[in-house]
Structures are given as structure tokens and as C-alpha cells.
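Working notes for the structure below.
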Amino acid sequence: MRRYALAAIVGVIQDDDDGHSSSGNGNTQQRQEAPAPRPRIDPEKQDIIAAIQKGEETLALNEFERNNSRKKHLGNAELSKASVPKLEKFREHLLDKWRDKVEVDAAEAINGDVVEGNN
């Protein structure tokens, strides 16, 4: 009883309170450790990361292109490790890439089948 009371007071969790696991009898289920807590990312950084991911999705970058672009502009492929100014520059880069893509698509549409079909 003293052991239980002392453990409760101190807040210690007992794995083997009846001695069965040390003798090989009884339940030998292992206790699982809690996953490491994720570091909190400030809301501004989270919003920029979400915009970058949306931009990468919109540009239809495959994993190889996405990781290479991130490494080139951020120094690593993990967005959460980059500073806010670097993330903002990278977001602008993706926006410029999107503008270029839209201009090329528009030029192709004007010079391609769209115009010929309307004549």
C-alpha cells in the first residue's frame, strides 16, 4: 500500500506493480512513448507555407522539381526550416513562374487552335 501511495504522490507510473513481468508470467505489453511534440509555427509563417504549397500544386510541380526548387531558393527542401523572408521571396518566385506560364499559355491559345476555330 505504501508503494502505491508514494507512487501516486510523486506521480510515478509503475510498469510492473505485481512482479509478473519480471518472472515471465502475465502481461508483458510494452508501454508506448508519446510522440515528440511538433514545434509550433507562427501563423504568419503557416500562411506563407500554405500559399507556397498551393502555388507548387497549381504549377503541377512533381516531387523532384519541387524539392530542387526549394533547395535552390531556401537551402533545404523543408519549408518549416526556412526563415520568413526566404519563404516570402520563394512565394514571389512561384508567383512569377505562374505569370510566365499564363502568358505562354495565352500566347499559345492566341496563335493556336482557339483563334483558328473562331474564324
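The values are calculated or read from the model by the stated rules, or taken from the named source; none is laboratory data. Note that the structure is a prediction, hence the values are computed from the model and not measured. Cβ coordinates were reconstructed from backbone atoms using ideal geometry, including for glycine residues, and neighbour counts include every protein chain displayed.
Inside the stretch 64-109, can you point out the residues that are closer than 16 Å to ILE49 by Cβ, polar (S, T, N, Q) and part of a helix (DSSP H, G or I)?
Within the stretch 64-109, ASN67, SER69, SER80 qualify.
Going by the structure shown, is PRO35 of a type outside the set (A, V, I, L, M, F, W, C), within 30 Å of LEU74 (Cβ to Cβ) and at pLDDT below 80?
Values: of a type outside the set (A, V, I, L, M, F, W, C): yes; within 30 Å of LEU74 (Cβ to Cβ): yes; at pLDDT below 80: yes.
Yes, satisfied.
For residues that are among the aliphatic types (A, V, I, L, M) and in contact (Cβ under 8 Å) with a residue 24 or more places away in the chain, scanning just the stretch 49-90, find the one that is nearest to VAL102 (Cα to Cα).
Pass one, the stretch 49-90, residues among the aliphatic types (A, V, I, L, M): 49-52, 59-61, 74, 77, 79, 82, 84, 87.
Imposing the further condition that a residue be in contact (Cβ under 8 Å) with a residue 24 or more places away in the chain reduces the set to 49, 51-52, 59, 79, 84, 87.
Working: ILE49: 22, ALA51: 18, ILE52: 18, LEU59: 10, LEU79: 25, VAL84: 27, LEU87: 23 Å.
The qualifying residue nearest to VAL102 (Cα to Cα) is LEU59.
Give LYS86, LYS54 a once-over and let me know the one that is surrounded by 12 or more Cβ atoms within 10 Å (Cβ to Cβ), within 26 Å of ASP105 (Cβ to Cβ) and not aliphatic (A, V, I, L, M).
On the way: LYS86 fails: within 26 Å of ASP105 (Cβ to Cβ).
One residue alone meets the criteria, LYS54.
Take ARG99 and tell me if it is crowded, with 16+ Cβ neighbours inside 10 Å and not aliphatic (A, V, I, L, M).
Taking the combined requirement at face value, the residue does not satisfy it.
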